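For reference, the structure is listed below as structure tokens.
The values are calculated or read from the model by the stated rules, or taken from the named source; none is laboratory data. Note that the structure is predicted; figures quoted are calculated from it, not measured. Here the Cβ positions follow ideal geometry from the backbone for every residue, glycine too, while neighbour counts run over all protein chains shown.
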Amino acid sequence: MSDSPNPGLAPPLPLVDDETRPYWEAGRNGRLSFAACNGCGALLHPPQPVCRYCRSQDIGRREVEAKGILVGFTVNHHLWDPRFPPPYILANVAVEADPRVRVLSRLVDTEADQLRVGMRVEARFEHVEDVWIPYFTPSGQPDDAQPDAGLPEDETPPDDHRRWVRPVRAGTRKFEDDVALTGIGMSAIGRRLMRDPLSLTVEAVEAAVADAGLGLEDIDGLSTYPGSAPIGGFSEGGITALEDALGIRPVWYNGGAETFGPAGSVIAAMLAVSAGLARHVLCFRTVWQSTFAARMRARAAGGSPYSMGSKESRIPGYSGPYGFGSAANNLALCASHHFAKYGTDRETLGWIALNQRANAALNPQAIYRDPLTMDDYMGARLITTPFGLYDCDVPADASIAVIVSHVDAAKDLKSRPVLVEAVGTQMTERVAWEESTITHEPHVLGPSAHLWSRTTMTAADVDVALLYDGFTFNCLSWLEGLGFCGIGEAKDFLAGGRNIALDGGVVALNPHGGQLSAGRTHGMGFVHEAVVQLRGEGGERQRRDAEVAVLSSGGLTPAGAILLRRA
């Protein structure tokens, strides 16, 4: 592996502004610079006007030794951007002066087989124009390397998030009791449909309305995620586009990304219905990243659906110079820590991939239905360690629509309603991935703990689990977070795949094939499949006598969870 941090084309440089300048210039002195609380002494990254630990507003800055502890690393093998030819090693480093602060970087002057989570590292600065970019390397020479520092703990250990949960007050009626899911619809789904995204949305919406036995004139609420997103392929244009296309006149509407994950629009709709703002809310989610990427390539514009590979020379924030090209890189850092702390391995993740593919074979709408063996999984090309090709979901074009109705109105509708037992929405972790939980996908543990505080049910009551699997490790995180096994016990729980199998498993995991095989629909596909299963309409993939389903709305931050039951 090359010792040069950036071989090939010149990498993008960080944008230097009033906030970031001290960080990118401190390297001229061989130091790292952070905002610091003058009250309790905590380092704060990124800078804030108030200390998150003691709430003091007396904030200054402090330069510290450029030393740290390696809390996660991944070898990236995929070409996201021609300015970053693979392979190269990405890292999450806890700053020695205050391990609560983590910085993303690259590891240089080393080989992957020499690295361990917990080892001590120190920065080596590269001066380019007006910035000093910190790259990290193992501390000391190979023959006198310093002993490992051990694994730093999260602010809240992964099994301790319940202490932050705010449960339902005694005697309070839950809003979940007021609502039901009454209609579902799904457009055509495929790798590159080359269709206008709004046409996919209309197709799904009309199917959901018909499924509920309603007319468009009955719809008095609209809710979507992420609204008119600026990222190509993530939206059809939001509420405005659909309202204009169909002439719906909503009393209440909602669209945005700062909600409880991609299916947060459904939870928001429940609140509106319970509050009496609407009676039938149409929720929808449309993705068309595959077509968008194809169109961009056809226009020779470069870049990926996530805006990697853009021609911008200056990148805001603190990770631009390093080559983080996908959420896969960030999540792989967490996976490496889970592997080191709990003994998890690639085969553990492989059982999730094999389960999804076996279930997808029973789903005629799934994109990938061919058999998958463990040898196939282990032999697939690497994307970013420990993830290979089959650890990653399948980009797709599709739209999903779900109708949330008042439970009283649901009784007279066409399809059997699905009732809502509880939701989990509480945020107990930081939003920035590198500063959040280092052992699991961020924002799994808070919503999971909150969910079980709103019901007398437990994971043992769940028949079907529809858990976000943008990558296999997402799914593993939710299995542990929701309590299907203990924290750190996924390796034993998943061994052989028996506990998550469609027939005879402790819980049937993603009967439709999940996003790994059925196609990435960013959360809403799980809502759709939960309703299918609880109605008993799954055909060959139906979990026998399914009465309770849990679904996670995650993969991004924030996130949420929903517990549903048969009417």
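Residue 27 passes all but one of (1) in contact (Cβ under 8 Å) with a residue 60 or more places away in the chain; (2) crowded, with 22+ Cβ neighbours inside 10 Å; which number fails?
Among (1) in contact (Cβ under 8 Å) with a residue 60 or more places away in the chain; (2) crowded, with 22+ Cβ neighbours inside 10 Å, residue 27 violates only (2).
Quick one: in the range 503-542, of everything that is touching a helix residue (DSSP H, G or I) at 6+ places or on another chain (Cβ under 6 Å) and part of a loop (DSSP other than H, G, I, E, B), which residue is nearest to residue 212 (Cα to Cα)?
538
Quick check on residue 154: is it out of contact with any strand residue (DSSP E or B) (no Cβ under 8 Å at 6 or more places or on another chain) and under 29 Å from residue 316 (Cα atoms)?
yes
Please go through (1) surrounded by 24 or more Cβ atoms within 10 Å (Cβ to Cβ); (2) part of a loop (DSSP other than H, G, I, E, B) for residue 242 and return the number of the only condition it doesn't satisfy.
For residue 242, the failing item is (2).
Can you spot a residue in the range 480-492 that is without any contact (Cβ under 8 Å) to a residue 40 or more places away in the chain, closer than 30 Å to residue 395 by Cβ and assigned by TED's automatic domain parsing to the domain that holds residue 507?
yes
What do you reckon, is residue 467 free of Cβ contacts under 8 Å to residues at least 60 places away in the same chain, surrounded by 24 or more Cβ atoms within 10 Å (Cβ to Cβ) and not hydroxyl-bearing (Ser, Thr, Tyr)?
no
Sort out which residues of the range 16-55 are over 18 Å from residue 155 (Cβ atoms) and assigned to a strand (DSSP E or B), and write them in order of number.
31, 32, 33
Determine if the range 169-183 includes at least one residue that is under 21 Å from residue 528 (Cβ atoms) and assigned to a loop (DSSP other than H, G, I, E, B).
No, the range 169-183 contains no residue that is under 21 Å from residue 528 (Cβ atoms) and assigned to a loop (DSSP other than H, G, I, E, B).
Could you please tell me which pairs satisfy a Cβ distance under 6 Å, a separation of 6+ or placement on different chains, a first residue in the range 97-113 that is under 13 Å from residue 36 (Cα atoms), and a second residue that is at pLDDT 95 or above and assigned to a strand (DSSP E or B)?
97/64; 98/43; 101/43; 101/95
Quick one: in the range 148-172, which of the residues that are under 23 Å from the mean Cα position of the chain (by Cα) and without any contact (Cβ under 8 Å) to a residue 40 or more places away in the chain is farthest from residue 444 (Cα to Cα)?
Filtering the range 148-172 for residues that are under 23 Å from the mean Cα position of the chain (by Cα) and without any contact (Cβ under 8 Å) to a residue 40 or more places away in the chain, the one farthest from residue 444 (Cα to Cα) comes out as 153.
Could you list, in sequence order, the residues of the range 60-90 that are of a type in the set (D, E, K, R) and assigned to a loop (DSSP other than H, G, I, E, B)?
Once the filter is applied, which keeps residues that are of a type in the set (D, E, K, R) and assigned to a loop (DSSP other than H, G, I, E, B), the range 60-90 yields 81, 83.
Might you check whether a residue that is modelled with pLDDT of 95 or more, assigned by TED's automatic domain parsing to the domain that holds residue 400 and of a type in the set (D, E, K, R) occurs anywhere in the range 499-511?
Within the range 499-511, none of the residues are modelled with pLDDT of 95 or more, assigned by TED's automatic domain parsing to the domain that holds residue 400 and of a type in the set (D, E, K, R).
With among the small types (Gly, Ala, Ser) and either within 25 Å of residue 273 (Cα to Cα) or out of contact with any helix residue (DSSP H, G or I) (no Cβ under 8 Å at 6 or more places or on another chain) (or both) as the only criterion, which of 410, 380, 465, 396 stands out?
410
Right, residue 539: of a type in the set (Gly, Ala, Ser), farther than 25 Å from residue 157 by Cβ and touching a Cys at 6+ places or on another chain (Cβ under 9 Å) or not?
Here the answer is no, as residue 539 does not meet what is asked.
State the number of residues belonging to the range 256-295 that are more than 16 Å from residue 554 (Cα to Cα) and at pLDDT below 95.
Qualifying residue count, the range 256-295: 8.
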